[in-house]
Amino acid sequence: MTAVVAVAAGILGLVVGVAVNRAAGRYPWGAEEGTRGRAVRPPVVEIGTALLFAVAALRFGASWELPAHLFLAGAGVLLAVIDLQHHKLPNRIVVPSLGIGAALLAVAAAGEHDWPALLRSGLGAVVLFVVFLVMALISPRSLGMGDVKLAALLGLYLGWLGWGAVFLGAAAGFMVQAVVALVLLAARLVKLRGHLPFGPAMLLGAALVIGWSGAQVL
């Protein structure tokens, strides 16, 4: 049954990936420069989104929480592509995603009769928002408000899994960013004082924690 769900999720992810690539290619929306057909040459985004959806289905199976994590996967890919190309995490994606994610997790809490998980989810969003806000105020050149709002979105999902996942997911983003920076510096693809968008690293770090088979018991 799980394999069937994973295949179905992968097909859905392929369709979502097509839409995400086109949406990212038109960013900034409503501006004359946002007229490209696709942000990335196919099928990188499309296949990547399909794989994320399939992995999410394998991780959570046919559960009440699966739709919420599929939504996060789609929104996360869109945010990562835009941040990589424009160094922005648009409010038009992050803020509605917080509301939609909370609603989907509320449905999961009702379906699984796990209201403590929903409370922990909300608290996780608040905790990461406050922590990242403080860091952004201390070092505004390192973190932007888009990163702070994304931290709240990721805290929502990490909190659903447990407090260990919240802290590990937050730390994983910095670890991913450090590894990527070292690799790019070694390859001389960026300069020492070059700026790398932090959103993709945050998303990848959270994805690694969520996808880890033991994350739910943290």
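Picking from 71, 91, 109, whose Cα lies most toward the positive end of the charge dipole for the range 40-169 (charges on Cβ: Lys, Arg +1; Asp, Glu -1)?
91
Report, in debye and to the nearest 20, how large the dipole of the chain comes out about its Cα centre when Lys and Arg carry +1 and Asp and Glu carry -1 on their Cβ.
On the way: 14 positive and 8 negative charges, 145 e Å.
Using Cβ point charges on Lys, Arg, Asp and Glu, the chain gives about 700 debye.
Can you pull the percent of the chain's accessible area that's carbon plus sulfur, 1.4 Å probe, other chains left in place?
Details: 7980 of 11150 Å².
Using a 1.4 Å probe with all protein chains present, the chain comes out at 72 percent carbon and sulfur.
Would you mind getting the Kirkwood hydrodynamic radius of the chain from its Cα pairs, rounded to one decimal in Å?
Values: mean 1/r = 0.0566 Å⁻¹.
By the Kirkwood definition, the hydrodynamic radius is 17.7 Å.
Which percent of Cα-Cα pairs in the range 91-218 sits in each 5 Å bin, short to long?
Reading the bins upward from 0: 2, 11, 19, 22, 19, 12, 7, 4, 2, 1, 0.
Write down Rg/Rh for the range 85-131, rounded to two decimals, with Rg from the C-alpha atoms and Rh from the Kirkwood relation over Cα pairs. Numbers along the way, then the final one.
Details: Rg = 13.0 Å, Rh = 11.9 Å.
Answer for the range 85-131: 1.09.
Kindly state, to the nearest 0.05, the FRET efficiency for residue 22 paired with residue 137, given R0 = 45 Å and r defined as their beta-carbon distance. Write down the numbers at each step before the final one.
Working: r = 36 Å, r/R0 = 0.81.
So, using R0 = 45 Å, E works out to roughly 0.80.
Loop-only trypsin sites (Lys or Arg not before Pro) in the range 92-165, please: DSSP not H, G, I, E or B, and at most 10 other Cβ atoms within 10 Å. Mind showing how you got there, number by number?
Values: sites: 92, 120, 141, 149; in loops: 141.
Loop-located and lightly packed - 141.
Please calculate how many Å² of accessible area the range 61-218 carries per residue, with a 1.4 Å probe and no DNA, RNA or ligand atoms counted. Before the final figure, lay out the partial values.
Numbers: 7760 Å² over 158 residues.
On a per-residue basis, the range 61-218 sits at 49 Å².
Give the dimensionless ratio obtained when the Cα radius of gyration of the range 1-100 is divided by 2.2 N^0.38 Å.
Working: Rg = 14.0 Å, N = 100, 2.2 N^0.38 = 12.7 Å.
Rounded to two decimals, the normalised Rg is 1.10.
Which longest run of the chain has no exposed loop site in it, a site being GluC sites (Glu not before Pro) in a DSSP loop with at most 14 other beta carbons within 10 Å, and the site itself not part of the run? Intermediate values should be presented prior to the final figure.
Working: sites that count: 32, 33.
Longest gap between qualifying sites, sites excluded: 34-218.
Give the value in nm², to one decimal: projected area of the alpha carbon convex hull of the range 148-195, averaged over all directions. Can you show the working numbers first?
Working: hull surface 15.3 nm².
Directional mean of the projected Cα hull area for the range 148-195 stands at 3.8 nm².
The values are calculated or read from the model by the stated rules, or taken from the named source; none is laboratory data. Quick caveat, the model's predicted, so the values are computed rather than measured. When we count neighbours, we look across all protein chains shown, and the Cβ atoms used for this are built from the backbone with ideal geometry, even at glycine. Accessible surface is based on the protein model in full, side chains and every heavy atom, while ligands, DNA and RNA are left aside. Shrake-Rupley method; radii C 1.70, N 1.55, O 1.52, S 1.80 Å.
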